[in-house]
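The values are calculated or read from the model by the stated rules, or taken from the named source; none is laboratory data. Just so you know, these numbers come straight off a predicted model, no measurement behind them. As a convention, Cβ positions derive from the backbone with ideal geometry for all residues, glycine included, and neighbour counts pool all protein chains shown. What goes into the accessible areas is simple: the full protein's heavy atoms, side chains included, and nothing from ligands, DNA or RNA. Shrake-Rupley method; radii C 1.70, N 1.55, O 1.52, S 1.80 Å.
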Amino acid sequence: NKDFYKLYKLCKKYDVPLLVISIPTPHSWDNAKSNGVKELCERYNLDFYDMNLGLDGFDYSCHFRDNGNHCNY
């Protein structure tokens, strides 16, 4: 949280919009993590896009380089 706040303040200082995105990582991401980030973003009035939601259509054999932990390059 301390590092996030530093980044948040730096972006505010230079008027840089801060957008929070979670890239697809279905094996290491869960609802608790998503909800925690969502709450943090709501506290700071930031947009949060959780790309782990709605992964229908992702083919783990070709869209991820390791069956679901890291997207292809």
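Below are the figures for this structure:
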{"quantity": "Förster-model FRET efficiency, 22 Å R0, residue 31 and residue 9, C-beta, rounded to 0.05", "calculated": "0.15"}
{"quantity": "Sequence-distant residues sharing a close amide H with residue 44 (under 5 Å, placed H)", "calculated": "none"}
{"quantity": "Distant-in-sequence amide H partners of residue 64 (H built 1.01 Å from N, under 5 Å)", "calculated": "72"}
{"quantity": "The chain - percent of accessible surface contributed by carbon and sulfur, probe 1.4 Å", "calculated": "52"}
{"quantity": "Cα-based radius of gyration of the chain once divided by 2.2 N^0.38 Å, which approximates compact folds", "calculated": "1.30"}
{"quantity": "Estimated FRET transfer efficiency (residue 65, residue 21; beta-carbon r; R0 22 Å; 0.05)", "calculated": "0.70"}
{"quantity": "For the chain: accessible area per residue (Å², 1.4 Å)", "calculated": "78"}
{"quantity": "Cα long-axis angle, helix 31-43 against the chain (0 to 90 degrees, to the nearest 10)", "calculated": "20"}
{"quantity": "20 Å Cα-Cα threshold exceeded, pairs from 2/33; 9/38; 12/33", "calculated": "12/33"}
{"quantity": "The chain, relative contact order [Cα under 8 Å, separation at least 6], %", "calculated": "33"}
